[in-house]
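Accompanying notes for the structure given below.
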Amino acid sequence: MLWQNGEHIRLVLEQTFNYILTSRMQDLPLLNSVLRVQAVGFMRVNQDWLGILITPWFMNLLLMPGADNAGITQLPGSKFERAFPYGSFEFTVAHEAQLGNYGVCSLFSPMFEFENQAAAFTAAQSALQNLLANPSPRAISRRDLLRGNLGGP
């Protein structure tokens, strides 16, 4: 898939995962019924597009290949790492027909700790900001990254 911009990615992701919600995930007990599908903050980072996808069943960091990138050519299920100012993260190759291959890094699953969409959106925005911020001198978990719990004096 040739992504035009972050808005194009948002529209296609939300359409694709809303379809998945109504077709494959319908009535599963792991769904948080107060949440909806929402793509957050897709921006260029190096050759790729980086953002977060919120669904009623997961919150994942997504890496979508950019036009000047050969794409993610590994088979679905394969692992690869990408470095960000915060640190290095492991992604798993995923594939959907409408999206092609893309990278996913799980942040939350299931999503029951979120009371509403606003709380999930705030966590996603915080995670993206922290991911692209200067690294902390100590090792920090993904959950601390999401909560903005970056340590300090």
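The values are calculated or read from the model by the stated rules, or taken from the named source; none is laboratory data. Small disclaimer: the values here were computed from a predicted structure and weren't measured. Because the Cβ atoms are built from the backbone with ideal geometry, glycine has one as well, and the counts that use them run over all protein chains shown. Keep in mind that these areas ignore ligands, DNA and RNA; they rest on the heavy atoms of the full protein, side chains included. Shrake-Rupley method; radii C 1.70, N 1.55, O 1.52, S 1.80 Å.
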Practice task
Mind listing whichever residues of segment 111-125 are over 14 Å from the mean Cα position of the chain (by Cα) and either open to solvent by 40 Å² or more (accessible area, probe 1.4 Å) or over 18 Å from Leu13 (Cα atoms) (or both)?
Solution key: Phe112, Glu113, Phe114, Glu115, Asn116, Ala118, Ala119
Practice task
Would you list the strands (runs of 3 or more DSSP E) that sit entirely within segment 2-81 and hold 3 or more residues that are surrounded by fewer than 21 Cβ atoms within 10 Å (Cβ to Cβ) and in contact with a Gly (Cβ under 8 Å, 6 or more places away or on another chain)?
Solution key: 38-45
Handout entry: Boolean, Thr92 is surrounded by fewer than 17 Cβ atoms within 10 Å (Cβ to Cβ) and closer than 17 Å to Phe108 by Cα
Key = yes
Handout entry: Boolean, Ile72 is of a type in the set (A, V, I, L, M, F, W, C), in contact (Cβ under 8 Å) with a residue 24 or more places away in the chain and under 22 Å from Met111 (Cβ atoms)
Key = no
Exercise for the section: Tell me, please, whether a residue that is free of Cβ contacts under 8 Å to residues at least 40 places away in the same chain and part of a helix (DSSP H, G or I) can be found in segment 108-119. Expected result: yes
Handout entry: Yes/no for Gln98 being in contact with a Ser or Thr (Cβ under 6 Å, 6 or more places away or on another chain) and either under 22 Å from Arg24 (Cβ atoms) or not in a strand (DSSP E or B) (or both)
Key = yes
Completion exercise
The correct count of residues that are touching a residue at least 40 places away in the same chain (Cβ under 8 Å) and in a helix (DSSP H, G or I) in segment 120-134 is 9
